[in-house]
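Asks: Pasting in a structure now, in structure tokens, and then I'll have a few things to ask.
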2 protein chains.
Amino acid sequence: MSSTHQFAAIVSVGDELVLGQTLDTNARWLAQRLTDAGLVTLEHVTVPDDLDAQVQAFARLAASADVIVCSGGLGPTSDDLTRQVLARAMGDALVEDPIALAQVEAFYTARGRTISAMNRVQAMRPASGSTIPNHNGTAPGLQGLIRTPAGVAGPERRCDVFCLPGPPREMFPMFEQHVLPRFRLTAGRTVRTRVLHTFGLAESDLAQRLGTLMDRDALLKGQPMVGTTASGGVVSVRLRYEGSATPEHASSLLDDCERQVRDGAGVYLFGTGNDTLASVVLSLLRQASQNLGTVESCTGGLLSASLTDIPGSSACFGGGLITYSNALKTQLVGVPEQQLGPGGPGAVSSETARAMAVGGLRTLGTDHAIAITGIAGPDGAMPNKPVGLVWIARASTTSRSNTGNPDVDCRPFMMTGDRASVREWAAKTALAMLWQHLAGVPAMKLLRQV
Amino acid sequence: MSSTHQFAAIVSVGDELVLGQTLDTNARWLAQRLTDAGLVTLEHVTVPDDLDAQVQAFARLAASADVIVCSGGLGPTSDDLTRQVLARAMGDALVEDPIALAQVEAFYTARGRTISAMNRVQAMRPASGSTIPNHNGTAPGLQGLIRTPAGVAGPERRCDVFCLPGPPREMFPMFEQHVLPRFRLTAGRTVRTRVLHTFGLAESDLAQRLGTLMDRDALLKGQPMVGTTASGGVVSVRLRYEGSATPEHASSLLDDCERQVRDGAGVYLFGTGNDTLASVVLSLLRQASQNLGTVESCTGGLLSASLTDIPGSSACFGGGLITYSNALKTQLVGVPEQQLGPGGPGAVSSETARAMAVGGLRTLGTDHAIAITGIAGPDGAMPNKPVGLVWIARASTTSRSNTGNPDVDCRPFMMTGDRASVREWAAKTALAMLWQHLAGVPAMKLLRQV
């Protein structure tokens, strides 16, 4: 191990994780952030709510890692042991932290409740440690130093330990606001990362377009590493420089690399950094002073929820109609009854998707409407209409007065995977169709379009 | 550790897992199967494609576990090291297994391909080990025995190691068909688990109601262990018996324990096992042959998405209206314009929530409608209306013909946390209000109700 590296280990705590009752997503999230921050993750460990097991894990990992990030076990109940574990691993006693106590009390007071003896426990910290503020919950985090004495393995080691609560909405902001800035990074080492997002290409197709950019020995050649990760249809390209270049030179290396990635990804590239398809669509709508409505069948609100998840979406999102039943498809957006009845093309068809989008424009009074109708499964397949078949239509007014015929783009897709996967891809694909229109790029065929 | 326990450890192998590029779902799946099979999982470990790291993990875990199940690292490429790792941890050489070689060859022949030297590697196994057939891929699994010599920690230990490929569609059937039957289970050891779900109480309040049931030394006393975990407002109570009782006696101990948990949790307990608020509400609606509609403002589709996420929801979910703009609140559900204008109670008010729910019943033609209007933040706060204020109304028809006045329950809440948290709690709380009505329990005050 080179001394210029900083090594990290990730610990997840909880019986529910070890027993498999809950899926651990924190470890993956932390691993991504640690990698972005230039640390090399050695290992993830998941241990039960057991004092000895957790103390042993801390001691073992502290002997090889420079940083341990632990999530879970900071709640107020007797099976939450991380406070005691950290104190024992540090050889410290637990003391009450007056600032943390004031924060915990304030959290309860703001909600009209009084702090119980049990909740007071959450303000305890190891004597030589410190607390990490939690703006989204009661449990403060903890920071401490575990020293491994000099021995056969080498000189004394010092490992920074950060203990955070398990719930992601508490843990994520605490890590980014308060843990990242506390890392003691190796001097003279520059780490820079960037991320670009694409939609509509398979990960392997994108890799072929990127070619030698993705060589695994890029860092050895002083170049940024390029890797891809796929999540729910979005394939992200991560650029990471780590080496001895000055920050300015590292940025210019990333600029060059980003240019090549953009050339390779072409019109499938829709955003960077924290952009999502929904955020990019909303910001294009805002720039154009236009708004959007949705008409959802098989996605049942998922598309609208992804848009309204974004602060300020009310400026560009007018509203939505979840026409789950056929009766509501007719009543709310005027899909002709005979179209849905025997002998007609049916609820999952080009005709119905178009009628939903055009009817949505009218009912919701928006500049654009996107409509989704499909078979999410596991039941509902029909002859010639398998589970995964989804029709998506975009309709847009062609004049301010909305007098002309709307412009309509209607496409069929065969989504794969389970119900959740079909719904998630359908919602994202609908956004990608609108994005192509708003961004003025060619309406390229998207992955899974048939 | 009592010698009557069988202990297991789970190892996941792969750089893509350690770096966070891929989410590990194998460890959770294996943990569930191991628990069901009566083993106690001690730990999950995720290690990179690194020979030393993986050998050290095997050796360390073999000193305390009776069984190690490892997934990943069995592919044909040079970064797949699990074969070498197992051989080294066993002190064995690698030999070619003729039966495995024939299976690998057959796999390629059936696909019209010939086996390469690289693929031949997959037929190697430790000399004293055996292979595990893979019916869905090329890489056979491996079984071997790691012996930890007698020492200060006790007598010689023998640990069975099972190495399986990473892809779930190969690993899952291999584990169930070929690994489970090879376990040498301790006679007379019984493990039973249950989980109960509550909503509307803080985790610490629930813990106080459960009192000594949650003592950490329950197992030592021959009683089930009781623990709580909170996720998005749902606080789950996990019961776990492990000991020498007969399966029948263990079940009756869990029955007793469950009865006490139910007494403590009272009307806040809404489900067990895989139940969610949405699934429980849908199943109560199905039993009553009734259906539901939604009228969402600040949750913007999230409530509907959580309902339509469940297969078969179309039987009881009619549809929804996302009345995000004030204009649509008036147009679609008849909220009086003056109510939303200057001097009126406004969009976030008891009056508007009621009007949305009652209007939703009418527009959607359902038996029940739930309406949510609030300030999800971070912007949008007004004098006397802070971020987090949410009004939720349930309206239900009181006759089949829907001629009488609907029955309405309308309540204010102060949700906490960020936008995502306010929205998630609002959607779950709305379901809890409907659940109280459908289940016929008293309309108890829910957490964050003001």
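The values are calculated or read from the model by the stated rules, or taken from the named source; none is laboratory data. This is a predicted model, so every value here is computed, not measured. With ideal geometry, Cβ positions are generated from the backbone for all residues, glycine too; neighbour counts draw on all protein chains shown.
Asks: Of the conditions (1) closer than 16 Å to residue B:257 by Cα; (2) polar (S, T, N, Q); (3) within 12 Å of chain A (Cβ to nearest Cβ); (4) in contact with a helix residue (DSSP H, G or I) (Cβ under 9 Å, 6 or more places away or on another chain), residue B:204 fails just one. Which one is it?
Replies: (1)
Asks: Across region A:95-114, what is the number of residues that are more than 31 Å from the chain's Cα centre (by Cα), surrounded by fewer than 19 Cβ atoms within 10 Å (Cβ to Cβ) and outside any helix (DSSP H, G or I)?
Replies: Number of matching residues: 5.
Asks: Okay, moving on. Is there a residue in region A:192-199 that is in a helix (DSSP H, G or I) and either modelled with pLDDT under 85 or among the aromatic types (Phe, Trp, Tyr) (or both)?
Replies: Scanning region A:192-199, I find no residue that is in a helix (DSSP H, G or I) and either modelled with pLDDT under 85 or among the aromatic types (Phe, Trp, Tyr) (or both), so the answer is no.
Asks: Mind checking whether some residue in region B:75-94 is surrounded by fewer than 23 Cβ atoms within 10 Å (Cβ to Cβ), at pLDDT below 90, among the small types (Gly, Ala, Ser) and not assigned by TED's automatic domain parsing to the domain that holds residue B:243?
Replies: Checking region B:75-94: at least one residue is surrounded by fewer than 23 Cβ atoms within 10 Å (Cβ to Cβ), at pLDDT below 90, among the small types (Gly, Ala, Ser) and not assigned by TED's automatic domain parsing to the domain that holds residue B:243.
Asks: Tell me the residue from A:86, A:61 that is over 27 Å from the mean Cα position of the chain (by Cα), touching a residue at least 40 places away in the same chain (Cβ under 8 Å) and within 11 Å of another protein chain (Cβ to nearest Cβ), please.
Replies: Of the residues listed, the single one that is over 27 Å from the mean Cα position of the chain (by Cα), touching a residue at least 40 places away in the same chain (Cβ under 8 Å) and within 11 Å of another protein chain (Cβ to nearest Cβ) is A:61.
Asks: Could you tell me which of the residues B:302, B:277 is on the phi < 0 side of the Ramachandran plot, within 7 Å of chain A (Cβ to nearest Cβ) and not polar (S, T, N, Q)?
Replies: B:302
Asks: Residues of region A:237-266 being part of a loop (DSSP other than H, G, I, E, B) and among the small types (Gly, Ala, Ser), which ones?
Replies: A:244, A:245
Asks: Which numbered condition trips up residue B:193, out of (1) surrounded by 15 or more Cβ atoms within 10 Å (Cβ to Cβ); (2) without any contact (Cβ under 8 Å) to a residue 24 or more places away in the chain; (3) β-branched (Val, Ile, Thr)?
Replies: Tallying (1) surrounded by 15 or more Cβ atoms within 10 Å (Cβ to Cβ); (2) without any contact (Cβ under 8 Å) to a residue 24 or more places away in the chain; (3) β-branched (Val, Ile, Thr), residue B:193 fails exactly one: (2).
Asks: Test of understanding: among A:176, A:170, which residue is in contact (Cβ under 8 Å) with a residue 24 or more places away in the chain, charged (D, E, K, R) and within 20 Å of residue A:123 (Cα to Cα)?
Replies: So the residue among A:176, A:170 that is in contact (Cβ under 8 Å) with a residue 24 or more places away in the chain, charged (D, E, K, R) and within 20 Å of residue A:123 (Cα to Cα) is A:170.
Asks: When only residues in region A:308-327 that are among the hydrophobic types (A, V, I, L, M, F, W, C) and more than 14 Å from residue A:371 (Cβ to Cβ) count, which is nearest to the other protein chains (Cβ to nearest Cβ)?
Replies: That would be A:317.
Asks: Right, another one. Output the residue which, of all residues in region A:390-410 that are assigned to a loop (DSSP other than H, G, I, E, B) and touching an Asp or Glu at 6+ places or on another chain (Cβ under 6 Å), is surrounded by the most Cβ atoms within 10 Å (Cβ to Cβ).
Replies: A:397
Asks: Are any residues in region B:36-67 under 18 Å from residue A:22 (Cβ atoms), touching a strand residue (DSSP E or B) at 6+ places or on another chain (Cβ under 6 Å) and at pLDDT below 90, and if so, which ones?
Replies: Within region B:36-67, just B:40 meets the criteria.
Asks: So, one more: Looking at residue B:356 and the list (1) loosely packed, with under 15 Cβ neighbours inside 10 Å; (2) of a type outside the set (S, T, N, Q); (3) within 14 Å of chain A (Cβ to nearest Cβ), which single condition is not satisfied?
Replies: (1)
Asks: Mind listing whichever residues of region A:13-57 are among the β-branched types (Val, Ile, Thr) and either in a loop (DSSP other than H, G, I, E, B) or without any contact (Cβ under 8 Å) to a residue 12 or more places away in the chain (or both)?
Replies: Result: A:22, A:25.
Asks: Scanning for something within 19 Å of residue B:323 (Cβ to Cβ) and not small (Gly, Ala, Ser), does region A:368-385 turn up at least one residue?
Replies: In the first step, residues of region A:368-385 are kept if they are within 19 Å of residue B:323 (Cβ to Cβ); the result is A:368-371.
If we keep only those that are not small (Gly, Ala, Ser) too, we end up with A:368, A:370.
Among the residues of region A:368-385, at least one is within 19 Å of residue B:323 (Cβ to Cβ) and not small (Gly, Ala, Ser), which makes the answer yes.
Asks: Scanning for something more than 14 Å from every other protein chain (Cβ to nearest Cβ), among the hydrophobic types (A, V, I, L, M, F, W, C) and touching an Asp or Glu at 6+ places or on another chain (Cβ under 6 Å), does region A:93-108 turn up at least one residue?
Replies: The answer is no; no qualifying residue exists.
Asks: Additional query: β-branched (Val, Ile, Thr), at pLDDT 95 or above and closer than 26 Å to residue B:202 by Cβ: does that describe residue B:358?
Replies: no
Asks: Please determine, by comparing only the residues of region B:237-263 that are within 12 Å of residue B:197 (Cα to Cα) and touching an Asp or Glu at 6+ places or on another chain (Cβ under 8 Å), which one is modelled with the lowest pLDDT.
Replies: B:238
Asks: Then there's this: Report, by residue number, each residue of region A:271-312 that is within 25 Å of residue A:353 (Cα to Cα) and within 17 Å of the chain's Cα centre (by Cα).
Replies: Across region A:271-312, the qualifying residues are A:276, A:277, A:278, A:279, A:280, A:302, A:303, A:305, A:306, A:307, A:308, A:309.
Asks: Would you tally the residues in region B:359-370 being in a loop (DSSP other than H, G, I, E, B), β-branched (Val, Ile, Thr) and away from every other protein chain (no Cβ under 11 Å)?
Replies: In the first step, residues of region B:359-370 are kept if they are in a loop (DSSP other than H, G, I, E, B); the result is B:365-367.
Now drop any that are not β-branched (Val, Ile, Thr), which leaves B:366.
So of that shortlist, the ones also away from every other protein chain (no Cβ under 11 Å) come out as none.
Selection size over region B:359-370: 0.
Asks: Next question, about the same structure. Determine which member of the set B:9, B:27 is at the interface with chain A (Cβ under 8 Å from one of its Cβ atoms), under 21 Å from residue A:49 (Cα atoms) and buried (at least 23 other Cβ atoms within 10 Å of the Cβ).
Replies: Values: B:9 fails: at the interface with chain A (Cβ under 8 Å from one of its Cβ atoms).
Checking each option against the conditions leaves just B:27.
Asks: Of these, B:60, B:158, B:147, B:125, which one is under 28 Å from residue B:37 (Cβ atoms), assigned to a helix (DSSP H, G or I) and of a type in the set (D, E, K, R)?
Replies: B:60
Asks: Please state which of the following conditions residue A:158 fails to meet, knowing it meets all the rest: (1) modelled with pLDDT of 95 or more; (2) more than 14 Å from chain B (Cβ to nearest Cβ).
Replies: The single condition residue A:158 does not satisfy is (1).
Asks: Among the residues of region B:411-450, what is the count of those that are assigned to a strand (DSSP E or B), away from chain A (no Cβ under 12 Å) and under 21 Å from residue B:270 (Cβ atoms)?
Replies: Residues in region B:411-450 being assigned to a strand (DSSP E or B), away from chain A (no Cβ under 12 Å) and under 21 Å from residue B:270 (Cβ atoms): 1 in total.
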